[in-house]
1. Could you name every one of the strands (runs of 3 or more DSSP E) located completely within segment 195-256 that has at least 3 residues being open to solvent by 20 Å² or more (accessible area, probe 1.4 Å) and modelled with pLDDT under 95?
2. Test of understanding: among Val23, Val81, Val107, which residue is modelled with pLDDT under 95, in contact with a strand residue (DSSP E or B) (Cβ under 8 Å, 6 or more places away or on another chain) and of a type in the set (Val, Ile, Thr)?
3. Anything in segment 105-161 that is closer than 21 Å to Leu237 by Cα and small (Gly, Ala, Ser)? List them, or say none.
4. Can you name the number of the only condition in (1) on the phi < 0 side of the Ramachandran plot; (2) in the same structural domain as Asp14 (by the TED database); (3) surrounded by 14 or more Cβ atoms within 10 Å (Cβ to Cβ) that Leu122 fails?
5. For segment 64-74, how many residues are more than 23 Å from Glu21 (Cα to Cα) and buried (at least 19 other Cβ atoms within 10 Å of the Cβ)?
6. Looking only at segment 260-274, how many residues end up being surrounded by 12 or more Cβ atoms within 10 Å (Cβ to Cβ) and not charged (D, E, K, R)?
7. If Arg106 meets every condition in (1) open to solvent by 40 Å² or more (accessible area, probe 1.4 Å); (2) assigned by the TED database to the domain that holds Ala223 apart from one, which number is that one?
8. Is there any pair linking a residue in segment 142-169 that is farther than 15 Å from Asn203 by Cα to one that is of a type in the set (Phe, Trp, Tyr) and at pLDDT below 95, with Cβ under 6 Å and at least six apart or on different chains, and which?
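The values are calculated or read from the model by the stated rules, or taken from the named source; none is laboratory data. What you see is a predicted model, and the numbers here were worked out from it, not measured in a lab. All Cβ positions, glycine included, derive from the backbone under ideal geometry; neighbour counts span all protein chains shown. In case anyone asks, the SASA skips ligands and DNA or RNA and just uses the protein heavy atoms, side chains included. Shrake-Rupley method; radii C 1.70, N 1.55, O 1.52, S 1.80 Å.
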Amino acid sequence: MFYMIGLGLGDAKDITVKGLEVVRRCSRVYLEAYTSVLTVGKEVLEEFYERKLILADREEVEQEADNILKDADISDVAFLVVGDPFGATTHSALILRATKLGIPYRVIHNASIMNAVGCCGLQLYKFGETVSIVFWTDTWRPESFFDRVKKNRQNGTHTLCLLDIKVKEQSVENLIRGRKIYEPPRYMSVNQAAQQLLEVVQNQRIRGEEPAVTEETLCVGLARVGAEDQKIAAGTLQQMSTVDLGGPLHSLIITGGSLHPLEMEMLSLFTIPENSSGSQSTGGL
């Protein structure tokens, strides 16, 4: 059997009892290591799971799936995913490959950022299409995602923005030269995402467009959701551009305009003081 197991969002103990039982009996256990991260390292997971883990990077999952699935028709192989297994389309492709090879599979679900964002008080059924915000470069500054934000705002729905993760990335020079030298990991923060959004807003104004989001749009920043040091901050997009929520992983929500009174009351727990740009905690702001 090929098992795809969600690990949840916090640390080693967030795995389900069912998932842990499966991991401990598998012949090989892979840990997907590029779409998200836990607050603890591989060694901590290995100690708690009592199993050695094989790190699987993007290249291996996308190009060498057959190596991961090898012998899964005659033994148990597990593939561990931070959050829920279907938080990334890559994992659906792995399931499809297993099916084509005649390998039976089973999915063990867990919490993901897609539903855990409800911790800030915004109601899950009022979220629209999720978008990704990537790190800009000197030559690549995409703004196409903003159309989906605009559509969500027009529909009165919130937008969850998943922020870029750069793990095991190569520089252009090393890529061209075929050198397996990788850049240090980078994780986009809420304030970095907000700064890019503010620039998109300004670019739209320069083009004579009316931006769907302004500096005063209410947003919510979240960091390390599910961990003990989880942080949430609610304020304007301008405030989000300077807020410090600490280490990764971060997410940003752009609200859909009209809020339910209960949503407003919940967000008041996390409001950034108007003259503050410091770090925020999960309550009593």
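1. Working: elements: 218-223, 231-236, 250-254.
In segment 195-256, no matching strands (runs of 3 or more DSSP E) lie anywhere.
2. Numbers: Val23 fails: modelled with pLDDT under 95; Val107 fails: modelled with pLDDT under 95.
The conditions single out Val81.
3. If the condition is that a residue be closer than 21 Å to Leu237 by Cα and small (Gly, Ala, Ser), then Gly118, Gly121, Gly128, Ser132, Ser144, Gly156 are the ones that fit.
4. (2)
5. Going through segment 64-74, the residues more than 23 Å from Glu21 (Cα to Cα) turn out to be 64-67.
Next cut, buried (at least 19 other Cβ atoms within 10 Å of the Cβ) only: 65.
Result for segment 64-74: 1.
6. Step one: of segment 260-274, the residues surrounded by 12 or more Cβ atoms within 10 Å (Cβ to Cβ) are 260, 263-264, 266-267, 269-272.
When the remaining residues are screened for being not charged (D, E, K, R), the result is 260, 264, 266-267, 269-272.
Selection size over segment 260-274: 8.
7. With (1) open to solvent by 40 Å² or more (accessible area, probe 1.4 Å); (2) assigned by the TED database to the domain that holds Ala223 applied to Arg106, the lone miss is (2).
8. Every condition considered, the pairs that remain are Asp164/Phe135; Ile165/Tyr187; Val167/Tyr34; Lys168/Tyr182.
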